[in-house]
Structure formats: structure tokens, C-alpha cells
Amino acid sequence: MSQWTSSVGAQKLAQLLGSQHARQGHGVVTLIGGRRAPAYRSLADGIRLLVLEGRVPVAARLPAERELATALSVSRTTVAAAYEALRGEGFLESRRGAGSWTSVPAGNPLPTRGLDPLPPEATGSVIDLGCAALPAPEPWLTRAFQGALEELPPYAHTHGDYPAGLPALRQAIADRYTARGIPTMPEQIMVTTGAMGAAAAICRLLAGRGERVAVESPSYANVLQLMREAGVRLVPVAMADGLAGWDLSAWRQVLRDAAPRMAYVIADFHNPTGALAPDEQRRELVEAARAAGTVVVADESMSELFLEPELDMPRPMCAFDPGGSAVVTVGSVSKSFWAGLRIGWVRAAPDVIRSLVAARAYADLGTPVLEQLAVTWLLNTEGWDAAVALRRTTTRENRDAVVDALGRHLPDWEFTVPKGGLTLWVRTGGLSGSRIAEAGERLGVRVPSGPRFGIDGAFEGFVRVPFTVTSAVAEEATSRLAEAARLVASGATAAVEAPRTYVA
């Protein structure tokens, strides 16, 4: 079996190198043939940076030397020397008959797991930006559980085991899809313990150990780790530049070359970048996946968190799959409402739901009844819409405060402001995101580094900054991040001050 899981063509690689050079203020000719470095060294550095930024995935087969030389208008000797330099640095591996593919150097373990929960004694001294979640929107949480308690007595007289979910909640979720123009029956819904419960169930059903699963690069760290532990082979597909959604040419090539069993995507305010895929991209991806025999798992956890009132939201991914065979949808109340309310769901064809329910006997059996009743109350009253409207207002204010603070304290950091979701994907001005995260924790601010959202060491020059804190806390958190960045830039990360207390 080959060691590469995707490939990048010569013209595509030349295009990526050109856009990289343009962003850095260099011309392609200057970088490749300029006086400051040998041509092969400049080319090797360009490819290495594309790998570290995740724009060329790890384990992607590179074009043959002659093809890339033609695309770049350089000699084959230059490309051969660049490839040899990359092999020597651990960024390229080769095998006769299989070609050359990207890699990352062996060394210290890279951060992939999520941050450990803060200990209780850290409250008041550490600002936690590791979790993209907000406090509950009261009074709606309290009212929902009051309504749930009123509905509980009849269920208390049963065994309380509902592997597919409470019928009333399945109906309420189906009704919301129908109201969005996607006719849905309750038989197409399975209630799960959060979106992670949904993702785990789908992964167990569709992607066995050793199966290939295509994922956006970067992607949601917890789902990536879930899939790693399930033993699947992750095939990263780079996102488009900025917040432009997906790179469809890259997706079509991966679907054709790697033939993944499943693809996991976040079309609505992607975590971590905040990108929103437009209708046409959704249609094209579903059509390409159907042709390749790949099932698209669309995570809609962020779909209701649009922060611009005038924004015309695209249609759900399942709208482009009328036959119901190519798209499985994951939903959740955790991001839109409250992370402590662990209710999620799967929307799929009835036969898929039946298979998921049957397999649940060997997993978690079911989801807590009281929480399901609380969500049912929210969806069947004005509670849900009122709570989500409150959530959007709070999140928009938080986003603007974080953006303002970053602009003042860290003007060299780059990001594009998304129109929804909960996160900013921030380029750290050439500094190591992992080093900044380490220094920040000592200074009393936690932020996840870029490699947590990639595969095998990509995105070292990024951090994810959620806009989940109020203005005063955002100011203090960004001040501490700026101090961490200064320490990393100076190489003096060993000695830092003790965390200061703050008032949220």
C-alpha cells in the first residue's frame, strides 16, 4: 500500500506557491530565481511552508520533478535539489515506484488532543479560551427544565430507555427541517448525546479501522482525535483561502484518488476558520461525493449562529441530496444554546437510522430523558428562537470586542472576521502557535495552538481564538497573549510572571 493518501498536481502546486509569494510581498521569479537564496532553496522553503500551513496536506503525493519544473519554468535540476533538501529535513519521503509525498520531521510529540479541563482552583486566575462555548442563555435554560419536569411523570413510569430518542423530540427536530424546506420524518432522526455522540456513532457504522476518511484541513480537533482513536486513515483536504469555503478542485481530486468511505465537513461557520460554504459549493461537493461512493457527514452544530442579520444563509447540505444516500447530517444544541445540554442528533435515511439505533446497544444505550424533554420544550415553544436570538446578540458583541483587542495588542497577527460561528483562525506573525500556547498558559490565558486542528504537524503558525468572553475579559486575555508572543519572539519563555486575577 502506498504511503500517500492524496496528491497535488504541478499546476496546483505552482498556483499555491504563487499565492503564497504574493501574500508575502514577493514575486514568484524573485523568490525562485532571486539573489538572496539559491533557487532550489527558495523552492524547498516555499513547499515546506505550504505543508506547515496546511495548504498542502501531509501525506500528499507531489508532482514528478519534470512536471513541476515545467509548471514553474525552472530546471529539473532545481526541483530535484529542492526535493532532496526537503527529504533531508524530514518534509518529504520517497520510494521507487510510489513517488514522493509530504511528511513532517520526526521529533517531539505534536499537540493533537484537546486541552485538559481547568482545575477548580484556577477559576479567577486563568482565562480559558480553549473551549468555544458560552454560558447558558437565561432565563431560557431554567424555563426549559421547569417545563421538562412538568412533562416527566409519564416517562418515569417507563423503563426510560429510548435508543432512538424520545418520539416527541424526534418529531420536533424533524419539523424544524421540514420548516427549512427539507421534508423530514421522525424516522429519519436519532437523538444522541451531543454532536460528538453523533459523530462517534456514524464513524463506528461507516468507517471501520483502516478506512479512509476525508476531512477539511484544518478541522474540529475533537472529531479528528475521535477518528484517530477509531483507527481510520485521515485524508486532509485544504480549505480555500480566507473564508471562501472549500477548494472544490482539491476535493474532487481527493475523492477520485483516495476514494474515502466517508467525508466529514463543517459547511456552516467552520470550526476553526469560520468559513461559510455557499450553495454552489455544497451542491458540487455532494455530487462529487455521490459519484465517488463517499458519504458526506455534514456537521451543522454552528448553523444557527449567524451574526449578521442581513446574511442569506445557504441551504442545508442534505437539501442537495434528495435521494438521501449521500449526506448524513449531525446537529446539536450545544453551540447554539449551551454546551452543558448534551443533546445532539443524526438526520439520515431511515435505514441508516435503524442501523445506528441497533448498534447503540453496544455504546451508550440512549440519551438522558430529562435533557431531551428540556430541548423538546424549547423547540415546541418560543423558547428556542428567543434563546438563540439572545445568543447571537451576545456572540456578536463578544466577536467585535475580541477583534478590536487583537487589532490593538497584536497588529501583526492576521485573521479574517467571520460572519458567524464562535472562532477566529489567527496567523501568529511567523511565531510558533504551540510556543505561544505554552507561554500563554503560564501567563494565565489558555488558547489552543494550530496543530490541534490539523494532521501531523500542520498549522504551527496559527492559534484559534474563540469570541466567547466579554469585552473586559477579551482585553485582558489579548494583553496576556501579546505578552506571550513577545516572550516567544525573544526566546525567553522559561521565566514568566504568575497569573493575575481578573473579574469576568
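Some notes on this structure:
- Region 299-310, subset open to solvent by less than 20 Å² (accessible area, probe 1.4 Å) and of a type in the set (A, V, I, L, M, F, W, C), residue nearest to Thr393 (Cα to Cα): Leu307
- Residues of region 271-282 classified as among the hydrophobic types (A, V, I, L, M, F, W, C), touching a helix residue (DSSP H, G or I) at 6+ places or on another chain (Cβ under 9 Å) and open to solvent by 10 Å² or more (accessible area, probe 1.4 Å), total: 0
- Qualifying residue in region 346-366 (condition: in a loop (DSSP other than H, G, I, E, B), among the hydroxyl-bearing types (Ser, Thr, Tyr) and under 20 Å from Ala195 (Cβ atoms)): no
- Among the residues making up region 234-254, those that are touching a residue at least 60 places away in the same chain (Cβ under 8 Å) and more than 25 Å from Gly344 (Cβ to Cβ) are Ala238, Asp241, Gly242, Leu243, Ser249, Ala250, Gln253, Val254.
- Yes/no for Ala389 being open to solvent by 40 Å² or more (accessible area, probe 1.4 Å) and in contact (Cβ under 8 Å) with a residue 40 or more places away in the chain: no
Here is a yes/no grid of residues against (1) at pLDDT 95 or above; (2) under 23 Å from Phe320 (Cα atoms):
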site: Val223; (1), (2): yes, no
site: Ala230; (1), (2): no, no
site: Arg233; (1), (2): no, no
site: Val237; (1), (2): no, yes
site: Ala259; (1), (2): no, yes
site: Ala289; (1), (2): yes, yes
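- Hits in region 250-287 - residues which are touching an Asp or Glu at 6+ places or on another chain (Cβ under 9 Å) and assigned to a helix (DSSP H, G or I): Trp251, Arg252, Val286
- Of all residues in region 120-131 being in a loop (DSSP other than H, G, I, E, B) and of a type outside the set (S, T, N, Q), the one that is farthest from Arg442 (Cα to Cα): Cys131
- Complete set of residues in region 316-335 that are open to solvent by less than 40 Å² (accessible area, probe 1.4 Å), among the polar types (S, T, N, Q) and under 24 Å from Val286 (Cβ atoms): Thr329, Ser332
- Restricting region 459-476 to residues that are closer than 21 Å to Gly420 by Cα and of a type in the set (Gly, Ala, Ser), the residue that is modelled with the highest pLDDT: Ala474
- Failed item in (1) on the phi < 0 side of the Ramachandran plot; (2) open to solvent by less than 10 Å² (accessible area, probe 1.4 Å); (3) more than 12 Å from the chain's Cα centre (by Cα); (4) touching a residue at least 60 places away in the same chain (Cβ under 8 Å), with Cys203 passing the rest: (4)
- Conditions (1) within 24 Å of the chain's Cα centre (by Cα); (2) in a loop (DSSP other than H, G, I, E, B); (3) buried (at least 19 other Cβ atoms within 10 Å of the Cβ); number of the one not met by Met313: (3)
- Considering residues of region 233-247 that are touching a helix residue (DSSP H, G or I) at 6+ places or on another chain (Cβ under 7 Å) and open to solvent by less than 20 Å² (accessible area, probe 1.4 Å) only, the residue farthest from Arg61 (Cα to Cα): Gly245
- Within region 283-298, tally of residues that are open to solvent by 10 Å² or more (accessible area, probe 1.4 Å) and farther than 12 Å from Ala267 by Cα: 8
- Checking every residue in region 171-182 against the condition of being farther than 16 Å from Leu379 by Cα and surrounded by fewer than 20 Cβ atoms within 10 Å (Cβ to Cβ) gives at least one match.
- Residue count, region 423-474 (criterion: assigned to a helix (DSSP H, G or I), farther than 15 Å from Val402 by Cβ and of a type outside the set (Gly, Ala, Ser)): 9
- Looking across Glu284, Glu280, Glu300, one residue alone is free of Cβ contacts under 8 Å to residues at least 40 places away in the same chain and touching a Leu at 6+ places or on another chain (Cβ under 6 Å). It is Glu284.
- Check on Gly461, closer than 18 Å to Ser217 by Cβ, touching a residue at least 40 places away in the same chain (Cβ under 8 Å), surrounded by 24 or more Cβ atoms within 10 Å (Cβ to Cβ) and not hydroxyl-bearing (Ser, Thr, Tyr): no
- Number of residues in region 464-492 that are among the acidic types (Asp, Glu) and open to solvent by less than 10 Å² (accessible area, probe 1.4 Å): the value is 0.
- Tally, over region 40-79, of residues that are open to solvent by less than 30 Å² (accessible area, probe 1.4 Å) and not β-branched (Val, Ile, Thr): 16
- Qualifying residue in region 256-270 (condition: open to solvent by 20 Å² or more (accessible area, probe 1.4 Å), under 21 Å from Ile202 (Cα atoms) and of a type in the set (A, V, I, L, M)): yes
The values are calculated or read from the model by the stated rules, or taken from the named source; none is laboratory data. Nothing here was measured: the structure is a model prediction, and the numbers come from that model. Note that we place each Cβ from the backbone using ideal geometry, even for glycine, and neighbour counts take in every protein chain shown. Note: accessible area is taken over every heavy atom of the protein model, side chains too, but ligands, DNA and RNA are not part of it. Shrake-Rupley method; radii C 1.70, N 1.55, O 1.52, S 1.80 Å.
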